[in-house]
Amino acid sequence: MNFSPFFLSAELGLITTIVLFVMVIPMVYGIHFFSGKWAPIWKALASLPLILPPTVLGYYLLIALRPDGWVAQLTGLELAFSFEGLVVGSALYSLPFMLTPILTAIENLPDSYEEAAFTLGKNRWQTYTRVLLPCVKPSLLAASVLTFAHTIGEFGVILMIGGNIPDETRVASIAIYHEVEALHYATADRYALILLGFSLVVLLGVYGKRLN
């Protein structure tokens with residue numbers, strides 16, 4: 001059995017998680033402090049990948065990232081059917097898994113935390129980074145773990161924008177599809193069991209933390 005799809009999945013999951021963590025921290029800050037009556041719209045847009053069929057998102061990304069698409073025209077980068085394109089697609093598709101837990105945890109904190117920080121002369125950014133974020137460390141960890149795990153299990157978006165290129169875009173979920181197409185059910189079984197075990201371990205870790 002070839003383990004390279006799992007290594008590629010792990011690399012994609014790690015990079016996507018880091019990219020989203022860096023992106024989401026200022027996004028949560030903006031939504032929490034500045035969006036006002038527009039907050040539901042921003043939340044809806046950020047949560048859209050939760051209900052949007054992966055093939056729909058993958059289709060629009062393929063149109064944008066293809067060699068003659070607007071991304072290539074603006075940047076000169078051809079991201080379709082490349083690992084870098086998978087990172088872009090995975091970041092968009094996994095965005096709700098990083099943003100929602102952190103934003104929800106921040107919004108559920110008592111208002112007195114912010115009021116006390118403002119009374120002590122802290123500005124909004126200082127209040128956010130030095131008071132609010134440290135109070136939601138478990139949610140930061142849970143969001144990161146769920147984002148990583150969700151990226152590992154992605155299929156539709158990756159297949160649409162990455163195809164099935166060995167050692168480039170053939171991640172674990174695509175490898176299962178490839179083996180089934182080739183009627184190699186024994187290998188597909190082993191791939192699937194590994195992903196099933198990984199998913200169960202991740203969920204036990206997340207829910208176990210909440211019980212402690």
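Applying 1/(1 + (r/R0)^6) with R0 = 35 Å to the Cβ-Cβ distance of Gln126 and Arg190 gives a FRET efficiency near 0.10.
Going by C-beta contacts inside 10 Å, put Met1, Met27, Met98 in order with the fewest on the left.
Sorted ascending by nearby Cβ count, the order is Met1, Met27, Met98.
Between the listed residues Val19, Val56, Gly208, the Cα displaced farthest toward the positive end of the dipole of the chain, a dipole computed from Cβ unit charges relative to the Cα centre, is found at Gly208.
Shape call for the chain from the C-alpha gyration tensor, a ≥ b ≥ c root eigenvalues: rounded (a/c under 1.5), prolate (a/b greater than b/c) or oblate? Note, shape of the chain comes out oblate. The helix-based estimate of mean residue ellipticity at 222 nm for the chain, built from -39,500 (n - 2.57) per DSSP H run of four or more residues and divided by its residue count, is -24000 deg cm²/dmol to the nearest 500. For the chain, a Gaussian network of Cα nodes joined below 10 Å ranks Ser144, Ser35, Ser94 by mean-square fluctuation, and the top entry is Ser35. Quote the relative contact order of the range 4-211 in percent (integer), defining contacts as alpha-carbon pairs under 8 Å separated by 6+ residues. RCO, the range 4-211: 30 percent. To the nearest 10 degrees, how steeply does helix 54-65 sit against the main Cα axis of the chain, on a 0 to 90 scale? Taking Cα atoms only, the helix is inclined about 90 degrees. The fewest-to-most ranking of Glu154, Glu181, Glu107, Glu114 by surrounding Cβ atoms within 10 Å reads Glu181, Glu107, Glu114, Glu154. Principal-axis analysis of the Cα atoms of the chain puts helix 172-181 at an angle of about 30° to the longest axis.
Each value in this text was obtained by applying a stated rule to the coordinates, not by laboratory testing. A quick note: this is a predicted structure, and the numbers were derived from the prediction, not measured. Every residue, glycine as well, gets a Cβ built from its backbone with ideal geometry; the counts of neighbours run over all protein chains shown.
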